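The block underneath contains the structure these notes are about, expressed in structure tokens.
Coordinate-derived values only; no laboratory data. Nothing here was measured: the structure is a model prediction, and the numbers come from that model. All Cβ positions, glycine included, derive from the backbone under ideal geometry; neighbour counts span all protein chains shown.
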């Protein structure tokens, strides 16, 4: 079985600007490329796991999301990083009701684990919201790391570790993997 690094998108890969869907608006988070290069080097398959309720809200289309994700993957490739796959949930409970893929539900992680034969216990989830940690825990992810953000000021019980930046996540993993 393989190991997976599951990354939330907005707030971990790029600056969270709310309903981002245009490549010209993307600002990558400091340290994200180093983190991903290190994870690839250590044999992790990398997955982007993101809620994109802007689709259900009518702010942008699924095609817009997929176009942005293709562009983002290209940016990672240009820096020598292989992103294995991207999963997004276009739903919002106020519009389409509950679904199994919107974090904090583990659906997107479980889909990736099944499709790519990922061992959850040897995998890592990195996010900036409690819902990211809840999804990781529900999927059986072995290490759930939350990065302090506007959404969290203390370590939630679902997180195994709380760090202050994506750069700190990379340094932490270099010491522990």
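What the table below lists for this structure:
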| read-out | value |
| --- | --- |
| Rg/Rh (Cα only; Kirkwood hydrodynamic radius) as it applies to segment 102-177 | 0.97 |
| Cα convex hull of segment 16-69 - mean projected area over all directions, nm² | 4.3 |
| Sequence of 103, 175, 45 once ranked by neighbouring C-beta atoms within 10 Å, starting from the fewest | 175, 45, 103 |
| Helix-only CD estimate at 222 nm, as mean residue ellipticity for the chain, using -39500 (n - 2.57) per DSSP H run (n ≥ 4) | -10000 deg cm²/dmol |
| Principal axis box of segment 45-92, alpha-carbon based, largest edge first, Å | 35, 17, 10 |
| Separation in nanometres of the label points that stand 7 Å from Cα toward Cβ, at residue 17 and residue 41 | 3.1 |
| Over segment 1-128, equivalent-ellipsoid semi-axes from the Cα gyration tensor in Å | 23, 19, 11 |
| Packing-based exposure ordering (other Cβ within 10 Å, fewest first) of 152, 176, 67 | 176, 67, 152 |
| Projected label distance in nm at residue 30 and residue 96, using a 7 Å step from Cα toward the beta-carbon | 3.7 |
| Virtual spin-label span in nm between residue 63 and residue 148, 7 Å along Cα→Cβ | 4.4 |
| FRET E, pair residue 174, residue 71, Förster distance 30 Å, beta-carbon r, rounded to 0.05 | 0.55 |
